[in-house]
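The values are calculated or read from the model by the stated rules, or taken from the named source; none is laboratory data. Bear in mind the structure is a predicted one, so any value in this text is a computation, not a measurement. FYI the Cβ positions are ideal-geometry reconstructions off the backbone, even for glycines, and counts take in every protein chain you see.
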């Protein structure tokens with residue numbers, strides 16, 4: 001049992017599993033998605049289904065924005081009356097200013113929070129939250145948990161097959177040259193989030209089939225170093241492809257646990273419908 005009650009704060013780029021959703025000590029602050037003059041809160045006033053529909057109908061690439069500092073201040077003012085301790089795990093600081101907003105709000109509200117830069121997004125954040133909650137249940141103190149999570153943030157791997165090169169480019173996540181080459185040569189780039197928490201083109205392949213094969217090779221390489229217990233497959237409205245990928249993984253690693261989930265609207269706004277990502281946590 002936790003020695004001290006801890007508030008766990010994250011943002012809407014995380015994949016919120018049922019156990020996290022039902023945990024009264026977990027708080028999710030939504031990022032904003034902007035279509036022209038309309039501003040939506042990720043997962044609250046805009047679902048992924050509605051997002052894809054809007055993009056397809058308007059042919060507009062939406063913008064995203066970190067939560068306002070005031071949104072975090074409001075939360076921290078509320079939490080400091082209920083908790084002595086808090087740990088916040090956010091999307092990579094290289095991909096969003098969310099962590100900065102959260103830190104500023106903590107200072108303004110005079111509420112002490114241990115901050116973790118996930119150096120990633122989606123299920124990588126989920127894994128850190130789940131680990132932290134488990135360590136708390138084992139009786140570990142807040143500072144030690146936070147230190148462990150910072151170390152774990154360096155052990156994640158995240159590879160992405162984009163659903164839309166155009167959205168990724170227009171969202172400022174890819175250079176014009178890379179976009180042009182990808183379109184002209186019909187290249188299917190594998191994007192990864194590197195150890196600094198930044199997007200980079202990991203490899204360029206000519207087809208989705210070859211890209212899937214390469215992702216399987218990457219899982220094999222990681223598994224050969226230290227056996228992986230779990231791999232997560234995140235997708236943008238292509239569950240059938242995620243399930244097919246799961247079967248490919250299971251054929252090689254029958255004992256491996258596979259989690260399938262959807263990317264959040266904020267991530268989908270940049271990566272596009274049809275995105276497929278694979279995430280895992282190395283032991284070292």
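Look at (1) out of contact with any helix residue (DSSP H, G or I) (no Cβ under 7 Å at 6 or more places or on another chain); (2) in a helix (DSSP H, G or I); (3) surrounded by 13 or more Cβ atoms within 10 Å (Cβ to Cβ) and you find that residue 245 fails only one, number (1). The set of residues in region 224-242 being in a helix (DSSP H, G or I) and more than 22 Å from the chain's Cα centre (by Cα) consists of 224, 225. Restricting to region 248-280, and then to whatever is more than 24 Å from residue 42 (Cβ to Cβ) and touching a helix residue (DSSP H, G or I) at 6+ places or on another chain (Cβ under 7 Å), can you tell me which residue is surrounded by the fewest Cβ atoms within 10 Å (Cβ to Cβ)? Ranking the candidates gives 252 first.
Exactly one residue among 30, 24 is in the same structural domain as residue 135 (by TED's automatic domain parsing) and buried (at least 17 other Cβ atoms within 10 Å of the Cβ), and that residue is 30.
For region 147-158, filtered to residues that are part of a helix (DSSP H, G or I) and in contact with a helix residue (DSSP H, G or I) (Cβ under 8 Å, 6 or more places away or on another chain), the residue that is surrounded by the fewest Cβ atoms within 10 Å (Cβ to Cβ) is 148.
Of the listed requirements (1) touching a residue at least 24 places away in the same chain (Cβ under 8 Å); (2) closer than 29 Å to residue 142 by Cβ; (3) in a strand (DSSP E or B), residue 28 misses just one: (1).
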